[in-house]
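Take a look at the structure set out below.
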Amino acid sequence: MKIPSQTKTAVEKSMSLTEHLGVWLKRKGIGSVPGGRLLVDFILWPSDYWKCVKYYKGEFHRRPKIFKPETFNEKIQHHKLFHRKRQDAQLADKLAARDFITERVGTGYLPALYWTGTHLLEAREQELPDRFVIKANHSWETVILVPDRNELDWEKADQTTRQWLKDDHSMRAGERQYRWIEPRLYIEEYLGDPSGKPPADYKFFCFQGSAAFFEVDFDLRTDPSSTCYDRDFNRLPFFYSYPKAGKDIARPVCLDEMIRIAETLSAGRAFLRVDLYNIGGKPFCGELAIHPGSGFDPFDPPEYDRIYGDLFNA
């Protein structure tokens, strides 16, 4: 399910008085005071709860069993509200997650990082390769692919990224982990093929540090489709986030290494999705997802929502 994308102004117009109070306190920097974050989170918790209920009901046409969850997506809602860990913000912060990944699995599994900052036009003067990717660290769906630097409209990209930095993604779907990330922009290595096409995305769903299945997503920006496999590379009879069947692929030569990386990164957590790329037989880490689809993406057929919910234990 796509969470409605709203401008900062539209979000603020729709906020309740308590939401305005929580956001105001956050902007005043109360998060830097001991207990300040706890206070803001307490004030905004009812709003987070109702967003979980609202969007879940909009997708599944029933209220979620948040207090006694049974399915995978219900357990995502439960964890969003009741299992908030200090580590969550680090994993959701795409820049901080790089340090976590390096600490867990070592160097050599991350795209090269070329620049970080808050004003994109400053990067225009930097030494950059012919192609790269512009991202924001504090949100999702904030990506600009640049297959040819000479064709990039820097002024337009600057306007887009300025809006990114104003957005608070924690206010969209009750995902507290985004609330306490300092927004930054960064430019990293482009991992696509020579034609500029982005690589397939391998998303490993790990429960208690064990990869149960992985989803291979194709053409996410043009014509999304996906194929799901178990860890032994047997094709699975369901769809998850993208209902269109993707193509069959050959078993990646680095699959065992990808599973090892995913399980090492997810160790110690009830659930974590680890996104990887296979670039010429070498794994590269993408992002780490605590709440895939914010818990609003259905399984098809729906019984798999319960099957994987049974693996999701706090």
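Looking at (1) touching a Ser or Thr at 6+ places or on another chain (Cβ under 8 Å); (2) at pLDDT below 95, find the lone condition where Val274 falls short.
Just one mismatch for Val274, condition (2).
What do you reckon, is Ala173 outside the structural domain of Tyr277 (by TED's automatic domain parsing), in contact with a Ser or Thr (Cβ under 8 Å, 6 or more places away or on another chain) and closer than 18 Å to Gly286 by Cα? Steps first, answer last, please.
Values: outside the structural domain of Tyr277 (by TED's automatic domain parsing): yes; in contact with a Ser or Thr (Cβ under 8 Å, 6 or more places away or on another chain): yes; closer than 18 Å to Gly286 by Cα: no.
Criteria not met by Ala173.
Rundown of residues vs (1) charged (D, E, K, R); (2) assigned by TED's automatic domain parsing to the domain that holds Lys54; (3) surrounded by 17 or more Cβ atoms within 10 Å (Cβ to Cβ), yes/no style:
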residue: Pro183; (1), (2), (3): no, no, yes
residue: Leu220; (1), (2), (3): no, no, no
residue: Asp223; (1), (2), (3): yes, no, no
residue: Cys228; (1), (2), (3): no, no, yes
residue: Arg235; (1), (2), (3): yes, no, no
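Only one residue in Gly117, Gly106 is more than 18 Å from the chain's Cα centre (by Cα) and under 30 Å from Glu257 (Cβ atoms), so which one is that? Steps first, answer last, please.
On the way: Gly117 fails: under 30 Å from Glu257 (Cβ atoms).
Criteria check complete, one pass: Gly106.
Of the residues Gly309, Gly286, Gly268, Gly293, which is surrounded by fewer than 15 Cβ atoms within 10 Å (Cβ to Cβ) and not hydroxyl-bearing (Ser, Thr, Tyr)? Before you say what the answer is, go through the steps one by one.
Working: Gly309 fails: surrounded by fewer than 15 Cβ atoms within 10 Å (Cβ to Cβ); Gly286 fails: surrounded by fewer than 15 Cβ atoms within 10 Å (Cβ to Cβ); Gly293 fails: surrounded by fewer than 15 Cβ atoms within 10 Å (Cβ to Cβ).
Step by step, each of Gly309, Gly286, Gly268, Gly293 is checked, and only Gly268 is surrounded by fewer than 15 Cβ atoms within 10 Å (Cβ to Cβ) and not hydroxyl-bearing (Ser, Thr, Tyr).
Working only within region 31-42, note down all residues that are of a type in the set (Val, Ile, Thr), part of a helix (DSSP H, G or I) and surrounded by fewer than 16 Cβ atoms within 10 Å (Cβ to Cβ).
Our first condition is that a residue be of a type in the set (Val, Ile, Thr); within region 31-42, this holds for 33, 40.
Subsequent filtering for residues that are part of a helix (DSSP H, G or I) retains 40.
Correct list: empty.
Glu74 is checked against (1) surrounded by 13 or more Cβ atoms within 10 Å (Cβ to Cβ); (2) free of Cβ contacts under 8 Å to residues at least 40 places away in the same chain and fails just one. What number does that condition carry?
(2)
Mind checking which residues of region 134-178 are of a type in the set (Lys, Arg) and within 19 Å of Leu121 (Cβ to Cβ)?
Within region 134-178, the subset of a type in the set (Lys, Arg) is 135, 149, 156, 162, 166, 172, 176.
If the condition is that a residue be of a type in the set (Lys, Arg) and within 19 Å of Leu121 (Cβ to Cβ), then Lys135, Arg149, Lys156, Arg162, Lys166 are the ones that fit.
Give the residue that is farthest from Glu59 (Cα to Cα), with candidates limited to residues of region 220-264 that are out of contact with any strand residue (DSSP E or B) (no Cβ under 6 Å at 6 or more places or on another chain), touching a residue at least 24 places away in the same chain (Cβ under 8 Å) and of a type in the set (Ser, Thr, Tyr).
Thr264
Those residues that are outside any helix (DSSP H, G or I) and out of contact with any Phe, Trp or Tyr (no Cβ under 7 Å at 6 or more places or on another chain), I need them from region 73-102; list them, please.
Selection gives His83, Arg84, Lys85, Asp93, Lys94.
Residue check: is Ile66 in the same structural domain as Glu263 (by TED's automatic domain parsing) and either farther than 14 Å from Ile290 by Cα or surrounded by 14 or more Cβ atoms within 10 Å (Cβ to Cβ) (or both)? Walk me through how you get there before you give the answer.
Values: in the same structural domain as Glu263 (by TED's automatic domain parsing): no; either farther than 14 Å from Ile290 by Cα or surrounded by 14 or more Cβ atoms within 10 Å (Cβ to Cβ) (or both): yes.
No: the conditions fail for Ile66.
Inside region 141-160, can you point out the residues that are surrounded by 19 or more Cβ atoms within 10 Å (Cβ to Cβ) and within 29 Å of Cys52 (Cβ to Cβ)?
Thr142
Filter region 85-105 down to the residues that are at pLDDT 95 or above and more than 16 Å from Arg273 (Cα to Cα) and list them by number.
Leu95, Ala96, Asp99, Thr102, Glu103
The values are calculated or read from the model by the stated rules, or taken from the named source; none is laboratory data. Just so it is clear, the model here is predicted, and its values are computed rather than measured. We place every Cβ from the backbone using ideal geometry, glycine too, and count neighbours over all the protein chains shown.
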